[in-house]
1. Say we look at the stretch 257-275 and pick out the residues that are within 19 Å of the chain's Cα centre (by Cα) and surrounded by 14 or more Cβ atoms within 10 Å (Cβ to Cβ); which of these is nearest to residue 88 (Cα to Cα)?
2. Please indicate, with yes or no, whether at least one residue in the stretch 47-66 is more than 14 Å from the ligand (Cβ to nearest atom) and either at pLDDT 95 or above or in the same structural domain as residue 302 (by TED's automatic domain parsing) (or both).
3. If you go through the stretch 282-314 one residue at a time, how many are crowded, with 24+ Cβ neighbours inside 10 Å, within 8 Å of the ligand (Cβ to nearest atom) and part of a loop (DSSP other than H, G, I, E, B)?
4. Output the residue which, of all residues in the stretch 41-68 that are in a loop (DSSP other than H, G, I, E, B) and surrounded by 14 or more Cβ atoms within 10 Å (Cβ to Cβ), is farthest from the chain's Cα centre (by Cα).
5. For the structure I just gave you, tell me whether residue 289 is over 29 Å from residue 218 (Cβ atoms) and free of Cβ contacts under 8 Å to residues at least 24 places away in the same chain.
6. Does residue 218 satisfy being modelled with pLDDT of 95 or more, outside the structural domain of residue 55 (by TED's automatic domain parsing) and part of a helix (DSSP H, G or I)?
7. Residues in the stretch 223-245 that are without any contact (Cβ under 8 Å) to a residue 60 or more places away in the chain and more than 16 Å from residue 165 (Cα to Cα): how many?
8. Please count how many residues of the stretch 163-207 are out of contact with any strand residue (DSSP E or B) (no Cβ under 8 Å at 6 or more places or on another chain) and within 22 Å of residue 230 (Cα to Cα).
Ligand SMILES: Cc1cc2nc3c(=O)[nH]c(=O)nc-3n(C[C@H](O)[C@H](O)[C@H](O)COP(=O)(O)OP(=O)(O)OC[C@H]3O[C@@H](n4cnc5c(N)ncnc54)[C@H](O)[C@@H]3O)c2cc1C
């Protein structure tokens with residue numbers, strides 16, 4: 001049989017971040033035909049906007065995350081991978097041997113037949129919605145003194161000396177923000193709902209700053225009400241204390257971008273835990289021919305290299321099976 005007479009299997013990849021691009025690269029090299037379906041006008045996902053050296057990618061000591069995003073996207077461009085930008089999935093129907101996708105791109109509808117689906121839609125920052133029902137919040141937000149993106153304190157560090165700052169959250173990002181603000185000369189209140197969950201090295205650094213008095217840690221507290229006075233924010237805590245601050249940084253974690261799956265009967269029953277897609281070791285989900293890679297399937301160890309590795313593993317498994 002002439003194997004070249006066989007049609008090349010198309011694989012739909014939803015999301016063009018590090019995970020989706022890596023999967024596309026591997027699929028292409030393995031002789032399959034990836035199609036990236038991306039809601040934005042560009043590839044890169046979370047990396048795209050991060051102008052900070054990424055210290056966690058072997059061999060790339062000097063590159064910012066945004067530069068890595070450019071490198072990855074250029075690589076995909078050279079491989080001539082099909083990418084649908086500004087694409088919105090309107091329908092996903094399971095067929096006998098794959099899926100039919102209906103995609104809306106700038107009011108133009110396209111139908112795509114794919115042999116398998118790879119979900120690589122990443123995560124979003126949890127933000128203001130968490131405080132929406134707390135008294136006083138609606139009057140305060142939006143405000144330039146209150147923000148939620150994990151790196152948004154960096155441009156403000158030069159103005160924080162002598163000011164008072166609250167950081168809300170108990171994970172790594174809350175700890176990094178509290179440390180950065182304290183080292184910039186701010187008096188920091190770190191408000192932790194339950195207990196600290198940051199990794200040991202950053203936790204130790206924060207505890208040292210607590211011992212020096214630069215950070216005051218409040219554990220087991222939540223915000224009961226917000227108010228303002230003379231351009232400052234008053235936080236009434238559930239333990240009865242009040243804290244008055246100049247800046248407030250929420251570090252409330254992330255949520256998997258899986259809500260859109262509920263729109264499609266073919267995917268609504270996919271197994272999830274706290275919104276993240278459950279997979280096996282080769283990134284197969286609970287549904288036949290549906291994979292999930294990168295942050296959307298990795299609540300515990302989100303990182304560029306893990307996303308890239310997941311894309312490669314899923315592609316190899318697909319190639320072995322199809
Ligand atoms: C502030 C911050 C700092 C970080 N720092 C580091 C670091 O220093 N080192 C490190 O290794 N990692 C870091 N990370 C984590 C790293 O950025 C992620 O693990 C990695 O980028 C995840 O890639 P991904 O492809 O899984 O998801 P994403 O990058 O989130 O990509 C998902 C893509 O899917 C698209 N999408 C979403 N929904 C849809 C839909 N319905 N239809 C079509 N497209 C959709 C999105 O537009 C996006 O392009 C950081 C993350 C944050 C937030």
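The values are calculated or read from the model by the stated rules, or taken from the named source; none is laboratory data. As the structure is a computational prediction, the values presented were derived from the model and not from experiment. Ideal geometry is used to build each Cβ from the backbone, glycine not excepted, and the neighbour counts take in all protein chains shown.
1. Checking each candidate, the answer is 260.
2. No: zero hits.
3. 1
4. Residues of the stretch 41-68 in a loop (DSSP other than H, G, I, E, B): 41-44, 50-52, 54-63.
Narrowing the set further to residues that are surrounded by 14 or more Cβ atoms within 10 Å (Cβ to Cβ) leaves 42-44, 50, 54, 57, 60, 63.
Values: 42: 16, 43: 14, 44: 12, 50: 12, 54: 15, 57: 17, 60: 21, 63: 20 Å.
Only one residue tops the list, namely 60.
5. Numbers: over 29 Å from residue 218 (Cβ atoms): yes; free of Cβ contacts under 8 Å to residues at least 24 places away in the same chain: no.
No, not satisfied.
6. On the way: modelled with pLDDT of 95 or more: yes; outside the structural domain of residue 55 (by TED's automatic domain parsing): yes; part of a helix (DSSP H, G or I): no.
No: the conditions fail for residue 218.
7. Selection size over the stretch 223-245: 3.
8. Of the residues in that region, 1 qualify.
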